[in-house]
Amino acid sequence: MSGETFHILQRLAGSGTEKQVVLQCAPLLTGIKLSNLLNVRTDQKEEVFRLFAGTAVSCRVLYEFDGRMSLLLYREDRMRAHLERSDVRRMLDGFGYAGMGIKETLLLLSIRYQEHMDGLRAFPHEIGLLLGYPPVDVAGFMENNGERFLYSGYWKVYGNLAETLKVFEQYDRAREYVIHMAGSGRAIREILAAS
């Protein structure tokens, strides 16, 4: 992040929730990423849902406990298309999601994520697929226990490094763009509409 962008971020008006969304979800807001995890306090839930009500971005609670929650923010049309890709579908089927549509997939993921956070099961690595990570990187992470990666950025990269670095650059540019938009007074809905 450039120094200018950092100063704009510090001066952003609006709620802490909006700033958090701007900083953490810029690639989703600009439409280059199909989904994003957002971790907030439970008292921010209504505000997050209000920010995205009536937009192309849907919200799904994955975990809620002790004043904190994890939300999956996603573009339903993009998520549906992503889940239909043969390489993604093959991996999801292997994780036990065979024959499931988007709603059933998100329901099972939220159950598994909740169980993981409650210490009842292993981490549901399929979440990487729903966040748009390449299947090769999800598989590589699992096979290597998060070690021996080629690069670590928005996720740990195990294959297609050159292509993934371009994606990471797009995400960085999206964050700069969204921070500048928010800094010029644009609301989340306006940023979504402009993308």
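Could you work out how much longer the chain between N144 and S195 gets when fully extended? Use 0.36 nm per residue separation minus the Cα distance between them, nm to one decimal.
Taking 0.36 nm per residue and subtracting the Cα distance, the gain is 14.7 nm.
Given labels modelled 7 Å from the Cα in the Cβ direction, how far is it in nm from E84 to D66?
4.2 nm
Per-residue counts of other Cβ atoms within 10 Å, averaged by peptide: what ranking do you get for 139-146, 33-40, highest first?
33-40, 139-146
Apply the Karplus curve 6.51 cos²θ - 1.76 cosθ + 1.60, θ = phi - 60°, to the phi angles in region 180-195 and return the couplings in whole Hz, x for Gly and Pro.
Working through the residues one at a time gives 5, 4, 5, x, 8, x, 6, 7, 3, 4, 5, 5, 4, 5, 7, 9 Hz.
Rounded to the nearest whole Å³, what is the per residue volume of the convex hull around the Cα atoms of region 3-144?
Expressed per residue, the convex hull around the Cα atoms of region 3-144 is 135 Å³.
Per residue, what volume in Å³ does the Cα convex hull of region 79-132 take up?
With only Cα atoms used, region 79-132 gives 68 Å³ per residue.
List, in order, the whole-Hz ³J(HN,Hα) value for each residue of region 33-48 obtained from phi through the Karplus relation with A = 6.51, B = -1.76, C = 1.60 and θ = phi - 60°; use x for Gly and Pro.
10, 7, 7, 7, 8, 10, 9, 9, 6, 4, 6, 9, 3, 4, 5, 4
Just so you know, all these numbers are worked out from the coordinates, no wet-lab data involved. All values derive from a computational prediction rather than experimental measurement. Cβ: placed from backbone, ideal geometry, glycine included. Neighbour counts: every protein chain shown.
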